[in-house]
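Student: Questions regarding the structure given below will be posed in turn.
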Amino acid sequence: MKVIVDHKIPYIEEAIRRVADEVVFLPGHAFTPEVVKDADALIVRTRTHCNRALLQGSKVKFIATATIGFDHIDTAYCEEAGITWTNCPGCNAGSVEQYVHSVLLLLKHKKGVDLKNATLGVVGVGHVGSRVARMAEELGMKVLLNDPPRADRGEEGFVSLDVLADECDIITFHTPLHREGIYRTYHLADEDFFFRLKRTPYIINSSRGEVVDTASLLAALAAGRVKDAIIDTWEYEPCISRELMEVACIATPHIAGYSADGKANATRMSLEALCRFFKIDATIQIAPPSLPPMQLSEDKEEAYLQYYNPLCDSERLKAAPDKFEWLRGNYPLRREL
């Protein structure tokens, strides 16, 4: 079995070499039709577009993306070609929860937001959104949930986007990207959405860049309809909006889910799926490295921000926006509590 692997997928080399006969490591942009034509499986990230142009005429039978999102996979073509694909739902939910938790603490300590008297709107209540909602409630916040697919299945506890626009002091997006259909999320936060806002909220986007319309968000910030923005995922990555980066209070290079724990989960889930598909009997264990000892504050919130502070990631991006991909590919070790 020959497997081609994105060389930025961490902690994978030793384990994949135990289950595959031949392994080739390449940058995500280097997956070409000539390279993949004799491969049995691909393990990719979002930078590799798995579509007809790449896959037609190849031997590829299985694709694992070590990510939650899968809009870079042409699922319709894969079905047509008989190619099985899998993603890693929930792999980095704890990491994104950590990111949003730290952001909320920064809004409290740097912007004076009274979290116990603030309302958080969570758009998209899957693996990540559910954890963010629980965390925010533990901080004493009122939480409103918006998830039309779940609401349409008859589940209770969800409100419309209009209610979030009316009542929320902070709105955080955790939806997948759907460009078409009844549950379309492409530019979910558009000009109309920003005009409907009543409480001048903070906007957090750590889902997919295209969920928020950049031009409309910039206009809303300039008009004072949005108090400030925390942006981790961007339209047109890695060619991000410099204007939005400069005005956002926190601007990070798509690393909310980049804890070592989240990366290890994604690698393990991808390899387990590979083994299931090819009926390989193997136990996959992926252990991320430990952090060096840290002297943490006795104050719980200060200690949490010492452990992970998104402002450090924001400062690195704002100092070198041209290095967006490099900052992702060379992200420093971060562990979840």
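Student: How far apart, in nm, are the 7 Å Cα→Cβ label points at ALA151 and LYS110?
Tutor: 3.2
Student: Let me ask you something else. At R0 = 35 Å, how high is the FRET efficiency between GLN306 and LYS61 if r is their beta carbon distance? Nearest 0.05 is fine.
Tutor: On the way: r = 47 Å, r/R0 = 1.33.
The calculated FRET efficiency here is 0.15.
Student: Still on this structure: So, in Å, what gap is there between the alpha-carbon centers of the stretch 28-52 and the stretch 269-310?
Tutor: Each part reduced to its Cα centre gives a spacing of 27 Å.
Student: Arrange TYR202, TYR11, TYR186 by Cβ neighbour counts within 10 Å, fewest through most, would you? Before the final figure, lay out each step's value.
Tutor: Working: TYR202 24, TYR11 18, TYR186 15.
Ordered from fewest to most neighbouring Cβ atoms within 10 Å, TYR202, TYR11, TYR186 come out as TYR186, TYR11, TYR202.
Student: Using the Kyte-Doolittle scale, which helices in the chain average at least -1.0 and also have C-alpha atoms spread 15 Å or more along the helix axis, with helices defined as whole DSSP H runs? Provide the component values of the computation, followed by the final result.
Tutor: On the way: long enough: 93-111 (26 Å, 0.06); 127-138 (17 Å, -0.54); 260-277 (26 Å, -0.18).
Result, helices passing both filters: 93-111, 127-138, 260-277.
Student: For LEU217, LEU42, LEU105, what ranking results if the residue with the fewest other Cβ atoms within 10 Å of its Cβ goes first? Let's see the in-between values first.
Tutor: Values: LEU217 26, LEU42 29, LEU105 20.
Ascending number of Cβ neighbours within 10 Å: LEU105, LEU217, LEU42.
Student: Between LYS323 and ALA215, take the C-beta separation as r, use R0 = 25 Å, and let me know the FRET efficiency to the nearest 0.05.
Tutor: Values: r = 24 Å, r/R0 = 0.98.
Once the sixth-power term is evaluated, E becomes 0.55.
Student: Between LEU337 and PHE195, what is the spin-label point distance in nm, taking each point 7 Å from the Cα along the Cα→C-beta axis?
Tutor: Spacing of the two 7 Å Cα→Cβ label points: 4.3 nm.
Student: With labels modelled as points extended 7 Å from the Cα through the Cβ direction, what inter-label distance (nm, one decimal) is found for GLU34 paired with LEU139?
Tutor: 5.1
Student: Report the relative contact order of the chain, percent, no decimals, based on alpha-carbon pairs under 8 angstrom and at least 6 residues apart. Provide the component values of the computation, followed by the final result.
Tutor: Numbers: 626 pairs, mean separation 51.9, N = 337.
So the answer I get is 15 percent.
Student: Here's a follow-up. Only Cα pairs within less than 10 Å get springs; with that Gaussian network setup on the chain, which residue of PRO149, PRO288, PRO176 has the largest fluctuation?
Tutor: Maximum among the listed residues: PRO149.
Student: Can you give the FRET efficiency to the nearest 0.05 for ALA53 and TYR236, using r as the Cβ-Cβ distance and R₀ = 22 Å?
Tutor: On the way: r = 20 Å, r/R0 = 0.92.
Here the calculated transfer efficiency is 0.60.
Student: At a 10 Å Cβ-Cβ cut-off, how would you order VAL23, VAL128, fewest neighbours first? The partial results should precede the final answer.
Tutor: Numbers: VAL23 17, VAL128 29.
Lowest to highest Cβ neighbour count: VAL23, VAL128.
Readers should treat all values here as calculations from the given coordinates under stated rules, not as data from a laboratory. Quick caveat, the model's predicted, so the values are computed rather than measured. Cβ: placed from backbone, ideal geometry, glycine included. Neighbour counts: every protein chain shown.
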